[in-house]
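Let me begin by presenting the structure, written as structure tokens, before commenting on it.
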Amino acid sequence: MSLKIRMLEFGSRSVVRLGGPLVSAHLLVDDAGLTLIDSGLWGVGNELLRVVAALGRRPEELRNIILTHGHLDHAGGSAAIQEWSGGARVWIHATDRDHVLQHVRYQGITRLCGVLEKAGTWLGHYRAPEIGGELIDGQVLPFWGGLRVWHLPGHTPGHCALVSEANGLVFSGDLFASYAWSVHAPPRFLSRDTKRVKVSLRLLAEREPQAVLPSHYDWMDPALHAERLHQLCYTPGGAGVT
């Protein structure tokens, strides 16, 4: 079976979607190397190996794995990918290290999230990666023409978006999910601080991004998701962040 590569091109740079509609990771490709935003669940690593080979690149060209946050569906495959890449550096905001290490003590309704995480770690034989890089609000990482870190907490304490200033594209993580049948903020049981989620959504919307790729979405159309974000935040009955 031939491998279908879902790719957007930005001149000499491109972004490849990995995973599926439930949760996606993104491989950033340019002449300088490969950068992975989120590592998805355990199956993404195998898909990533096939994609890297199909692109005519080498596993060791993957030098950095940037986690928008530490939930299992974003960090689950990172240890295995780190190994076969020969030691790619894993980046995470300092306040989400406990998520990656599975040391979070969930409270209230978020205990359901904890149950799901524990089940996922068992089913996928989760191993925490070695964390070698710290995401700091406002810093520009020198990958893919420059990726600026926006710390937008609430879903988790260290949740971050990544902004490609050279290409005008925002990787928004789990600030919102974008599907034709439902555009929504993350459910309460998945977010550590729902009030901060609304604040972070407003901060992102106020910046008026023209191209957005969430982690949970249907079509690989950044302009569509930017418009859906605007509608979510500013339409009556939306996220209520106006």
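The values are calculated or read from the model by the stated rules, or taken from the named source; none is laboratory data. The model shown is predicted, which means the values in this text are computed figures rather than measured ones. Methodologically, a virtual Cβ is constructed for each residue, glycine included, from the backbone with ideal geometry; neighbour enumeration extends over all protein chains shown.
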query = Say we look at segment 9-35 and pick out the residues that are touching a helix residue (DSSP H, G or I) at 6+ places or on another chain (Cβ under 7 Å) and not in a loop (DSSP other than H, G, I, E, B); which of these is surrounded by the fewest Cβ atoms within 10 Å (Cβ to Cβ)?
reply = G33
task = Please determine, by comparing only the residues of segment 36-47 that are outside any loop (DSSP other than H, G, I, E, B) and at pLDDT below 95, which one is nearest to L175 (Cα to Cα).
result = V44
query = touching a Pro at 6+ places or on another chain (Cβ under 6 Å), without any contact (Cβ under 8 Å) to a residue 60 or more places away in the chain and not in a helix (DSSP H, G or I) - does that describe any residue in segment 74-86?
reply = yes
key: Filter result (assigned to a loop (DSSP other than H, G, I, E, B) and either touching an Asp or Glu at 6+ places or on another chain (Cβ under 8 Å) or under 21 Å from G70 (Cβ atoms) (or both)) within segment 197-235   = S215, H216
query = Residue check: is V115 at pLDDT 95 or above and exposed (fewer than 14 other Cβ atoms within 10 Å of the Cβ)?
reply = no
query = Of G40, G45, which residue is small (G, A, S) and at positive phi?
reply = G40
key: Yes/no for S182 being of a type in the set (S, T, Y) and either within 18 Å of the chain's Cα centre (by Cα) or modelled with pLDDT under 95 (or both)   = no
key: Per-region count, segment 55-73, residues of a type in the set (A, V, I, L, M), surrounded by fewer than 22 Cβ atoms within 10 Å (Cβ to Cβ) and either in a strand (DSSP E or B) or at pLDDT below 95 (or both)   = 0
request  = Give the residues of segment 112-136 that are touching a residue at least 40 places away in the same chain (Cβ under 8 Å), charged (D, E, K, R) and outside any strand (DSSP E or B), sorted by residue number.
outcome  = E117, R127, E130
query = Which one is surrounded by the most Cβ atoms within 10 Å (Cβ to Cβ), of the residues in segment 155-196 that are in a strand (DSSP E or B) and either in contact with a Cys (Cβ under 8 Å, 6 or more places away or on another chain) or polar (S, T, N, Q) (or both)?
reply = S172
Criterion: of a type in the set (D, E) and either touching a Leu at 6+ places or on another chain (Cβ under 6 Å) or surrounded by fewer than 21 Cβ atoms within 10 Å (Cβ to Cβ) (or both) - qualifying residue of D137, D96 = D137
